[in-house]
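The values are calculated or read from the model by the stated rules, or taken from the named source; none is laboratory data. These figures come from a predicted structure and were not determined experimentally. Cβ: placed from backbone, ideal geometry, glycine included. Neighbour counts: every protein chain shown.
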Amino acid sequence: MFPEPLRHLTRNECLALLAGARLGRVAVSIRALPTILPVNYALLDDDVVLRTAPGSKLSAALLGAVVGFEVDDTNQDRSAGWSVLVVGHANEIRDDATLGRARGLRLEAWAPGDHDHFVMIPTEHVSGRAFGPSPAFIRTPMPSNKTPCVSR
């Protein structure tokens with residue numbers, strides 16, 4: 001079905017793809033049920049940062065929980081695509097230095113109101129796959145590192 005075989009991406013390729021996108025999905029447990037929510041995000045160093053409202057279900061679900069965060073893309077005819085999954089312990093950013101850096105990210109909230117809480121998902125485990133022509137489809141420059149995406 002696919003013209004090119006599915007291939008595993010290196011950690012560096014995964015991080016480059018994460019850096020080039022802005023919309024992802026966070027998988028959390030809310031009231032013991034799996035919930036997947038679309039979110040705007042940005043990278044701070046190698047870690048995923050989300051902006052949320054105080055006391056929101058998302059904010060409460062993320063604090064200290066192991067979460068999944070996924071980003072993907074395909075070309076128009078779906079002959080090429082990629083997917084990156086991050087798994088890590090989400091925590092609110094509280095230290096002033098990191099909070100100042102997070103506030104400097106271009107990270108807009110979708111809903112109106114106060115969204116001045118920042119949650120970080122460290123890239124404790126990153127994995128990714130791609131299919132189809134590469135690097136033409138994956139427009140982000142790819143490092144030559146051949147090591148598959150693995151835990152830090």
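Could you tell me whether Leu18 is closer than 20 Å to Arg101 by Cβ, touching a strand residue (DSSP E or B) at 6+ places or on another chain (Cβ under 9 Å) and either in contact (Cβ under 8 Å) with a residue 40 or more places away in the chain or in a strand (DSSP E or B) (or both)? When the stated conditions are applied, Leu18 passes them.
Yes/no matrix, rows are residues, columns are (1) free of Cβ contacts under 8 Å to residues at least 12 places away in the same chain; (2) in contact with a helix residue (DSSP H, G or I) (Cβ under 9 Å, 6 or more places away or on another chain):
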| residue | (1), (2) |
| --- | --- |
| Arg22 | no, no |
| Leu33 | yes, no |
| Leu44 | no, yes |
| Leu50 | no, yes |
| Ala53 | no, yes |
| Leu58 | no, no |
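The criterion of being more than 24 Å from His8 (Cα to Cα), modelled with pLDDT under 80 and not polar (S, T, N, Q) holds for Ala53. Scoring Arg78 on the criteria (1) at pLDDT 90 or above; (2) on the phi > 0 side of the Ramachandran plot leaves a single failure, condition (1). Residues that are over 15 Å from the mean Cα position of the chain (by Cα), part of a strand (DSSP E or B), surrounded by 15 or more Cβ atoms within 10 Å (Cβ to Cβ) and among the small types (Gly, Ala, Ser): does the range 63-71 have at least one? The answer is no; no qualifying residue exists. With respect to the conditions (1) at pLDDT below 90; (2) not in a strand (DSSP E or B), Ser29 lacks only one, and its number is (2).
Say we look at the range 100-147 and pick out the residues that are among the aliphatic types (A, V, I, L, M) and closer than 24 Å to Asp77 by Cα; which of these is modelled with the lowest pLDDT? In this case the residue turns out to be Met142.
Of all residues in the range 70-89, those satisfying the criterion of being closer than 22 Å to Ala27 by Cα and without any contact (Cβ under 8 Å) to a residue 60 or more places away in the chain are Glu70, Val71, Asp72, Asp73, Thr74, Gly81, Ser83, Leu85, Val87, Gly88, His89.
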